[in-house]
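Have a look at the structure below before the remarks.
The values are calculated or read from the model by the stated rules, or taken from the named source; none is laboratory data. Computed from a predicted structure; not experimentally measured. Here the Cβ positions follow ideal geometry from the backbone for every residue, glycine too, while neighbour counts run over all protein chains shown.
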Amino acid sequence: MVAQLSSSVSRGRELLRRLAEILPAEALISDREGMRPYECDGLTAYRRLPLCVVLPDTVEQVRAVLRLCRELETVVVTRGAGTGLSGGALPHAEGVLLGLSRLNRILELDVRARLARVQPGVSNLALSEAAAPHGLFYAPDPSSQVICSIGGNVAENSGGVHCLKYGLTVHNIQALKLLDCDGETLELGRGALDQAGYDLLALLCGSEGMLGVIVEITVRLLPRPACSRVLLAGFGHVGDAARAVADVIGAGIIPAGLEMMDQGCIQAVEAYMQAGYPTEAAALLLCEIDGEEEEVESGLQHVADIFRKRRATSLRTARDAAESARMWAGRKAAFPAVGRLAPDYYCLDGTIPRHRLGAVLERIAELSRLYDLRVVNVFHAGDGNLHPLVLYDNQRPGELQRVEELGKRILELCVAEGGTVTGEHGVGVEKLDPMCSQFSPVELAQLHAVKQAFDPAGRLNPGKAVPLLRRCVELGGMHVHGGRVPFPELERL
């Protein structure tokens with residue numbers, strides 16, 4: 001054991017010495033205080049310092065780091081803007097944290113082809129701002145749009161409030177350039193609409209830094225709609241709002257966005273920024289229709305009729321773009337607004353079939369009472385992507401463990417209802433146990449085989465996204481795969 005420790009320390013010193021030779025001094029951080037900002041991503045419940053942090057500003061520097069780590073058999077964890085919410089960028093204690101925030105150039109904006117080539121550190125909002133003067137926009141828009149990076153969006157296959165109509169990141173990229181675990185360049189995709197061979201481009205979306213280091217992304221830009229307006233509706237019962245969502249989609253209407261909040265979230269947002277939300281409502285729906293002006297007017301009228309039939313207690317249509325922006329600003333500020341309600345909160349991310357929204361929200365309320373933890377809800381109702389926010393105080397002994405147990409039960413519920421453990425936040429370290437309830441051992445083995453094909457030595461972001469088979473066995477074979485997980489204790493409530 002002493003010999004192993006000595007060897008590890010010696011290798012760490014050699015790594016730092018060699019990194020100092022290939023990187024500028026400001027691109028290498030190895031002191032504890034300097035590394036503190038990198039000890040976690042947006043999931044702050046999990047923290048760990050890496051061996052060191054590197055912040056290259058050229059692709060060649062990234063390549064050199066990867067080749068050195070291959071030579072010294074060192075783990076590499078890639079980090080974007082650090083806004084991820086599943087612990088995907090949690091450092092490895094004996095590894096290098098590779099930050100790509102300085103690779104932040106828009107390399108090309110091809111207006112005629114409606115494409116942009118960007119480096120991974122370009123922020124989501126910066127890309128849309130660059131495209132705006134040309135009447136174009138980049139569709140995926142997560143709540144962290146102001147700071148989250150395109151590279152991170154690809155790693156987590158991020159969505160946002162407009163993903164219902166315009167799709168997730170995977171639907172809006174055309175090509176990727178990445179470096180494999182040995183520092184070799186791989187180019188996937190082209191500017192064409194279809195590609196020959198296996199769809200490796202889709203495989204890399206949502207791969208959470210486990211298959212390669214993305215150094216360039218070609219994204220699809222869309223024409224900005226001629227008109228868009230938002231309808232805000234309040235409901236006296238959460239179930240009525242949930243059924244209204246299913247009715248809108250069932251009527252063949254595909255809104256640009258269809259978002260839902262419960263009363264706890266409505267009141268938090270209103271106290272935070274006075275968005276004009278009806279605080280007496282049990283639930284709120286925000287529905288945006290875009291397109292040509294006549295199409296928008298007709299769509300809004302149709303949606304309003306559906307909401308009235310579902311007993312909406314209030315209806316308000318934005319008069320202009322500025323009012324629409326204010327309505328959306330409240331939704332995008334939901335997470336910081338809820339952050340004022342308790343010392344800590346835990347943001348979950350699961351997806352269910354839309355027609356099960358009402359039933360699942362009722363179950364979540366029952367679980368909230370069972371675990372004596374307050375849960376508020378804000379989510380992408382149109383595609384069934386839930387984001388329950390569990391309020392807690394991490395200073396109370398044992399409370400975080402209770403929160404994690406509640407989160408696990410909610411995600412298992414999503415799977416039991418025919419859904420999945422993640423819609424856009426990824427698995428990271430947070431959802432390894434619930435993954436065992438979604439996938440069979442055969443399916444998990446195939447996921448590990450993909451990892452082995454890209455990264456045989458397992459140096460890229462190990463221990464994330466896909467649980468080891470023995471972990472699932474130790475959990476007791478929780479695989480349900482669209483079946484029903486019994487919750488007998490809830491039947492007593």
Any hit, segment 390-402, residues being among the aliphatic types (A, V, I, L, M), touching a Leu at 6+ places or on another chain (Cβ under 8 Å) and either farther than 17 Å from Ser86 by Cα or in contact (Cβ under 8 Å) with a residue 60 or more places away in the chain (or both):
no
Subset tally (residues that are surrounded by 15 or more Cβ atoms within 10 Å (Cβ to Cβ) and under 27 Å from Ser86 (Cβ atoms)) for segment 28-44
9
Filtering segment 393-423 down to residues that are of a type in the set (Asp, Glu) and either over 22 Å from Gly358 (Cβ atoms) or outside the structural domain of Leu361 (by TED's automatic domain parsing) (or both), which residue is surrounded by the fewest Cβ atoms within 10 Å (Cβ to Cβ)?
Asp393
Looking only at segment 269-284, and only at residues there that are surrounded by fewer than 24 Cβ atoms within 10 Å (Cβ to Cβ) and under 25 Å from the mean Cα position of the chain (by Cα), the one that is farthest from Ala304 (Cα to Cα)
Tyr272
Name the single residue that is farthest from Tyr46 (Cα to Cα) among those in segment 438-463 being surrounded by 24 or more Cβ atoms within 10 Å (Cβ to Cβ) and polar (S, T, N, Q).
Gln438
Are any residues in segment 335-367 among the small types (Gly, Ala, Ser) and either in a helix (DSSP H, G or I) or over 21 Å from the mean Cα position of the chain (by Cα) (or both), and if so, which ones?
Ala337, Ala342, Gly358, Ala359, Ala365
Matching residues, segment 122-153, being among the small types (Gly, Ala, Ser) and more than 16 Å from the chain's Cα centre (by Cα)
Ala126, Ser128, Ala130, Ala131, Ala132, Gly135
Which one is modelled with the lowest pLDDT among residues in segment 384-428 that are of a type in the set (Gly, Ala, Ser) and at negative phi?
Gly423
Elements of type helices (runs of 4 or more DSSP H) contained in segment 234-333, each with 3 or more residues being free of Cβ contacts under 8 Å to residues at least 12 places away in the same chain:
293-309
Quick test for you: out of Ala45, Ala89, Ala93, Ala64, pick the one residue that is in contact with a helix residue (DSSP H, G or I) (Cβ under 7 Å, 6 or more places away or on another chain) and assigned to a loop (DSSP other than H, G, I, E, B).
Ala45
Filter result for the condition that a residue is touching a Ser or Thr at 6+ places or on another chain (Cβ under 8 Å), surrounded by fewer than 21 Cβ atoms within 10 Å (Cβ to Cβ) and modelled with pLDDT of 95 or more, over Ala321, Ala304:
Ala304
Within segment 105-143, residues being among the polar types (S, T, N, Q) and either part of a strand (DSSP E or B) or not assigned by TED's automatic domain parsing to the domain that holds Glu156 (or both) number 1
Assess whether Asn377 counts as being of a type in the set (S, T, N, Q), closer than 17 Å to Val238 by Cβ and touching a Phe, Trp or Tyr at 6+ places or on another chain (Cβ under 8 Å).
no
Can you name the residue in segment 104-121 that is more than 21 Å from the chain's Cα centre (by Cα) and under 30 Å from Ile29 (Cβ atoms) and, of all such residues, is surrounded by the most Cβ atoms within 10 Å (Cβ to Cβ)?
Arg117
Among the residues listed as Val429, Val390, the single one being of a type in the set (A, V, I, L, M, F, W, C), in contact with a helix residue (DSSP H, G or I) (Cβ under 9 Å, 6 or more places away or on another chain) and within 16 Å of Gly42 (Cβ to Cβ)
Val390
Any chance you could count how many residues in segment 75-94 are surrounded by 24 or more Cβ atoms within 10 Å (Cβ to Cβ) and on the phi > 0 side of the Ramachandran plot?
1
Test for Val118: is it among the hydrophobic types (A, V, I, L, M, F, W, C), free of Cβ contacts under 8 Å to residues at least 60 places away in the same chain and in contact with a Leu (Cβ under 8 Å, 6 or more places away or on another chain):
no
Count - residues of segment 45-74 that are touching a His at 6+ places or on another chain (Cβ under 8 Å) and either buried (at least 23 other Cβ atoms within 10 Å of the Cβ) or without any contact (Cβ under 8 Å) to a residue 12 or more places away in the chain (or both)
1
Criterion first (touching a Phe, Trp or Tyr at 6+ places or on another chain (Cβ under 7 Å) and more than 30 Å from Gly407 (Cα to Cα)) does Val53 satisfy it?
yes
Residue under question is Val390, and the condition is that it be farther than 19 Å from Glu259 by Cβ, in a strand (DSSP E or B) and within 22 Å of the chain's Cα centre (by Cα); does it hold?
yes
